[in-house]
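Nothing in this text is a laboratory measurement; each read-out follows from the coordinates by a stated rule. In this text, all values refer to a predicted model and were calculated from it rather than measured experimentally. Neighbour counts are summed over all protein chains in view; Cβ atoms, including those assigned to glycine, are modelled from backbone coordinates with ideal geometry.
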Amino acid sequence: MNLSVLSNILLILVAVGWIAVRQMTWRPVLGGRDWTFPALAVVVGAALLMQSLNGRALGLIDVIAFVVELVIALAVGAGMGAIAHIRPIVRPAGSATVTAGLSAKAAAAAAAEFETRTGPWGLALWVVLIGVRVGLTFAFESLGSHLGISGGLILLVLAANRGARVLVLHTRVLRLAQGPALRRSTAQGGSGRIMVR
């Protein structure tokens, strides 16, 4: 096992911990700001990928590694978005949202209408994705793939996963915002936050 593989495993473990915490806590749906991390991961991942190739041409195994991991990441991300719990953020009657003086992210959180968490099943899907990724790292290394063991590919897989989750989640939130479930929940007023599936 070389240093590149060990550094990739360390990167995976850090990502596991960070996203595991996010899976289990309620977080506001921030609209366009939810795309910040996937976009940043794509840029950094592509740059690292080009650096790791170092002018070498992509081989067939490299292309297979990329496609296989991308498909798995998109499927798991879409699954996470589909099973996520969503609930409206109920504020006291007559309270106004104050965003003056806040950072852009804090202002988006203050103005958010919904919050979400994926919960234990989402965490389980995340662990499955990481397990598959670690297994594929060893498999592609043994097959001689430079791309399959790249830290850049890890970030691209993470970006695809998070992007697919955000896309499905935002589609569901948009349907909820336009549907009767939200109107019924807000009509019930001060009973706290009402779970919407």
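Being among the β-branched types (Val, Ile, Thr), surrounded by 14 or more Cβ atoms within 10 Å (Cβ to Cβ), under 12 Å from the mean Cα position of the chain (by Cα) and over 13 Å from residue 165 (Cβ atoms) holds for only one residue in 16, 44, and it is 16.
For region 59-86, how many residues are touching a helix residue (DSSP H, G or I) at 6+ places or on another chain (Cβ under 8 Å) and more than 22 Å from residue 134 (Cβ to Cβ)? Counting residues in region 59-86 that are touching a helix residue (DSSP H, G or I) at 6+ places or on another chain (Cβ under 8 Å) and more than 22 Å from residue 134 (Cβ to Cβ) gives 6.
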